[in-house]
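Here the structure comes first, spelled out in structure tokens, and everything after it is commentary.
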Amino acid sequence: MATADFHDRLLTCLGGPWPESPPLNVQIQLTEKLDGVTRLKLTYDAEPNDPIPAYLLIPEGVSADQPAPAVAV
């Protein structure tokens, strides 16, 4: 089976193409420096005008030059 054909059949089984993603519109509500980590309390839009609350934990020493593994739950 050709890759394009498989892709088309898979999309059909999944209900068609995924809709366009809205902008995340991330809003940082609070930033706290804790022992070994920075905790950001934030919201982001899963759907337009549907803010989802979340925490983002950033270990000390992590930066664009010093990346680290991450887990999203």
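Among residues of segment 30-48 being more than 17 Å from the chain's Cα centre (by Cα) and in contact (Cβ under 8 Å) with a residue 12 or more places away in the chain, the one that is surrounded by the fewest Cβ atoms within 10 Å (Cβ to Cβ) is G36. Quick check on segment 48-61. Is at least one of its residues in contact with a strand residue (DSSP E or B) (Cβ under 8 Å, 6 or more places away or on another chain) and of a type in the set (F, W, Y)? Yes, because at least one residue in segment 48-61 is in contact with a strand residue (DSSP E or B) (Cβ under 8 Å, 6 or more places away or on another chain) and of a type in the set (F, W, Y). Reported count of residues in segment 1-28, each being surrounded by fewer than 10 Cβ atoms within 10 Å (Cβ to Cβ) and within 23 Å of the chain's Cα centre (by Cα), is 9.
The residues in segment 27-40 that are at pLDDT below 95 and more than 20 Å from A68 (Cβ to Cβ) can be counted, and the count is 0.
The values are calculated or read from the model by the stated rules, or taken from the named source; none is laboratory data. Everything quoted here is computed from the prediction, not taken from an experiment. Cβ atoms come from the backbone with ideal geometry, glycine included; neighbour counts cover every protein chain shown.
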